[in-house]
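Please read the structure below before turning to the comments.
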Amino acid sequence: MSLTKTTCTFLVAFWLCCLSAAPVLAEYIDNIPPGLPLYTDVPTAYLLSKGQLEVSASYRTVNDTVDIFDFKESAIPGDNIGTLGDYHGLQGIFHFGLRDGLQISYKGELRELGLGRSRGDVEVTSHDVMLKQRLVVEDSWYPTVALGAFYRGNRGENIANPPLPLLPQGTITFGGIEDDSYGVTLLASKSFSTRWSIHALAEYSKTNVNSEFGIDPAGLGASVLMDLADILEESDYQSDNFTIGFGGVFQITPKFVVSADYKRIQVNRSSESRTPPKAFNSNNVVAWRLSYLTRSWLAFSVNGAYFTNQFLGEIHSLYNATTARKFNKDYGYLGIGITVFHDFSSLLFSGRRS
């Protein structure tokens, strides 16, 4: 198929514009002023220096309006309840350099996941604390390497509306469900210029999932008690989790920075009374962030994430043999955020030796 004259003219004009703009663009992005580290939730091996603090806050959501890629409908096919699958999360992140080569980080989030108008929202509080130590400082031939030890926990409430009557004389209450994970992360990062770098991670963690049931057995028959025992066993289990991932950060211009990450999570559950009818144990997660640096200490951002199996491996306590089928769906959300940075080293460590 031959190109038309109009198409050829357009391509030539476009190419000439690119050639004329290239020197200006190259000078523009090669002279980047110092700004935020913008570590946010990027899994990087780079650390803040002693006394430096970065704080981020973001709001993430998906609903009938924000669901650009139709994740919410595909997550719950055939259901007409508008709030089912809605998600709202308020997240806070801070990183602080305890000393050069040692950093403490905290990430917390208040989440609400819609179960439909008749059941309300699952309310999940999440915590993530990591102590990260730099092991190797990069050179021209090898990357920066860091090792992190972490705790992650989620507590879900409003799973059901307690108390639930079973018989006139018996009730069951569900206070909530929680998971606790402890693990280690190995991270590597390599910069190729002042404006772009890549990173990779390998992670292992051990998770315990526990539920809070209260049973008043008055008047309950043996069969009902056996059913309750099965529910309890399904809600309490352990898992080993393995994660590998990679990504990159690119400073497009002095004002705009973009980052993208991919990770694969493998969850091996154990100590379960039974497995889900359709078991699924892996999740692929893609996250991205576009940030606008208004000052050397202030940035605004838009971000998003996509999951092939909703929150598998992120909120462990949502999954058991009964509930897993409801979350074996693709999912995603969009968010907006703000990040601030300040160097307290002169204030906190003035006159002290490193």
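A short reminder: the numbers here are calculations on the coordinates, not readings from a lab. The structure displayed is predicted, hence computed values, not measured ones. So basically every Cβ, Gly included, is an ideal-geometry build from the backbone, and we count neighbours across all protein chains shown.
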(message) As an exercise, use a Förster radius of 41 Å and the Cβ-Cβ distance of VAL340 and PHE280 to find the FRET efficiency, rounded to the nearest 0.05.
(response) 0.55
(request) Quick one: which residues, 5 or more positions from PHE344 or on another chain, have an amide H under 5 Å from its amide H? H modelled 1.01 Å from N in the peptide plane, none for Pro or chain starts. (result) GLN52, LEU53
(request) Quickly work out the LEU186-to-VAL55 label distance, labels modelled 7 Å from Cα along the C-beta direction, and quote it in nm with one decimal. (result) 3.6 nm
(request) Could I have the simple spin-label model distance between THR323 and SER270, label points 7 Å from Cα toward Cβ, reported in nm to one decimal? (result) 2.3 nm
(request) At 7 Å along the Cα-to-beta-carbon direction for both VAL258 and TRP141, put a label point, then send me their distance in nm to one decimal. (result) 3.4 nm
(request) Multiply the residue separation of SER193 and PHE250 by 0.36 nm, subtract the distance between their alpha-carbon atoms, and state the gained length in nm to one decimal. (result) 19.6 nm
(request) Go through segment 260-266 residue by residue and turn each phi into a ³J(HN,Hα) via Karplus (6.51, -1.76, 1.60, θ = phi - 60°); whole Hz please, and just put x for glycine and proline. (result) 8, 9, 10, 9, 10, 10, 10
